[in-house]
1. Among the residues of segment 96-154, what is the count of those that are assigned to a loop (DSSP other than H, G, I, E, B), within 26 Å of L73 (Cα to Cα) and either open to solvent by less than 20 Å² (accessible area, probe 1.4 Å) or among the β-branched types (V, I, T) (or both)?
2. More than 16 Å from R151 (Cα to Cα) and surrounded by 13 or more Cβ atoms within 10 Å (Cβ to Cβ), is that true of N243?
3. Tally up the residues in segment 18-36 that are touching a residue at least 40 places away in the same chain (Cβ under 8 Å) and not hydrophobic (A, V, I, L, M, F, W, C), please.
4. What is the one condition in (1) within 16 Å of ligand 2 (Cβ to nearest atom); (2) surrounded by 15 or more Cβ atoms within 10 Å (Cβ to Cβ); (3) at pLDDT below 95 that T228 does not satisfy?
5. Can you pull out every residue in segment 250-307 that is assigned to a helix (DSSP H, G or I), within 16 Å of ligand 1 (Cβ to nearest atom) and either of a type outside the set (A, V, I, L, M) or touching a His at 6+ places or on another chain (Cβ under 8 Å) (or both)?
6. What are the pairs with Cβ atoms under 9 angstrom where one residue, in segment 279-292, is closer than 20 Å to L190 by Cα and the other, located anywhere, is open to solvent by 50 Å² or more (accessible area, probe 1.4 Å) and within 16 Å of ligand 1 (Cβ to nearest atom)? Sequence gap at least six, or different chains.
7. Would you confirm whether any residue within segment 144-154 is away from ligand 1 (no atom under 15 Å from the Cβ) and more than 27 Å from V68 (Cβ to Cβ)?
Amino acid sequence: MGCRHCNENPVISRRYSGEILCKSCFFKSFERNAQKELRRQIKELIKNSGIEIKKMGIGLSGGKDSTVALHILKTYIGKRNIEIIGLSVDEGIENYRSKSLQCAADECQRLNIPLKVFSYKELIGMTLGELLVEKPPEASPCSPCGILRRRSLNQMAKKNSVDCLVLGHNLDDFAQTVLMNHARGDISRLTRMAPHKHVQPGFVPRILPLRRLPEQEVYLYSILKEMTIHDGDCPFSFKAQRNTFRDLLLNLEKEQPGTRHSLLNGMEKIRENIPKPEKLTPCPTCGEPSGSPEPCIFCREFASFRA
Ligand code: SF4
Ligand code: ZN
């Protein structure tokens, strides 16, 4: 069966929508989806917060998601008078991150976009590998890594005076996070998830243009567009708690195509009934924004490293 629009040879069959698309119709559909999402999220942020967007940051790892998001953002900016800056986090993961950061640097150079790198070593005086030496071997590194990445990105974004930060999270990432927050009964965190519609004090709002596009499609797009991407997994990824939710969702999606979209749309309905997310307050110890008046999770987990 050919492409449903032009009968050319298909490159993708979308089970969740029943569409079969050729390369050029896939490109059009993918870009329309991402651009619409990006425009809508920026518009909503401006409407609710009154901020002006003069400079946008983009979190870059060199992987497919952030690289595709970078291209989508670059097209969106077009002739608009908005600056873009790439922001990368170097966890210090041996045989992995330096290769992927090289891909991010190459792609930024090709698109003429400046890139800044901030490392865990600068943040806490240690790489992730060095930090793990002190932990029991069975401990998952993803929980401390996530805390450090969130903090690194926010600090970099503030230091570089960006008005919002674009991240490459795809539909699979997004639906997994929604499911994880539901499973923990953490509705407060669910309502505070990106994309952010409001500006919170000390926290740079985040925008997710790819959140309605499945991981497989983002990968296909990056390959068909011949982008320079680092196609490999972090050596610790097998320890991530998220894997359980990934497997669960893949099975659900197979049984009932459209489950990931339903989780996203359901989460939006919950948010529509909560006019504003709970306000972040400055951590009493470090001053960074936190979800509770207690010392933030970084201060609790990394008290001995705090700069
Ligand atoms: Fe960090 Fe875990 Fe991601 Fe590796 S898989 S980069 S350890 S969060
Ligand atoms: Zn703190």
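1. 1
2. In short, yes.
3. Residues in segment 18-36 being touching a residue at least 40 places away in the same chain (Cβ under 8 Å) and not hydrophobic (A, V, I, L, M, F, W, C): 4 in total.
4. So the condition that T228 fails would be (1).
5. To start, the set of residues in segment 250-307 that are assigned to a helix (DSSP H, G or I) comprises 250-255, 259-272, 297-301, 303-305.
Next, from what is left, pick out any that are within 16 Å of ligand 1 (Cβ to nearest atom): 297-298, 301.
The answer is F298, E301.
6. Listed pairs, sorted by first residue: S290/I297; G291/I297.
7. No; the residues of segment 144-154 include none that is away from ligand 1 (no atom under 15 Å from the Cβ) and more than 27 Å from V68 (Cβ to Cβ).
One line per residue, one yes/no per condition, for (1) within 16 Å of ligand 2 (Cβ to nearest atom); (2) closer than 27 Å to C22 by Cα; (3) of a type in the set (S, T, N, Q); (4) touching a residue at least 24 places away in the same chain (Cβ under 8 Å):
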{"site": "I207", "(1), (2), (3), (4)": "no, no, no, yes"}
{"site": "R211", "(1), (2), (3), (4)": "no, yes, no, yes"}
{"site": "K239", "(1), (2), (3), (4)": "no, no, no, yes"}
{"site": "N243", "(1), (2), (3), (4)": "no, no, yes, no"}
{"site": "T259", "(1), (2), (3), (4)": "no, yes, yes, yes"}
{"site": "M267", "(1), (2), (3), (4)": "no, no, no, yes"}
{"site": "P275", "(1), (2), (3), (4)": "no, no, no, no"}
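The values are calculated or read from the model by the stated rules, or taken from the named source; none is laboratory data. Note that the coordinates shown come from a computational prediction; the quantities given were computed from them, not determined experimentally. Glycine also receives a Cβ, built like all others from the backbone with ideal geometry; neighbour counts cover every protein chain displayed. Heads up: the accessible areas ignore ligands, DNA and RNA and are worked out on the full protein's heavy atoms, side chains in. Shrake-Rupley method; radii C 1.70, N 1.55, O 1.52, S 1.80 Å.
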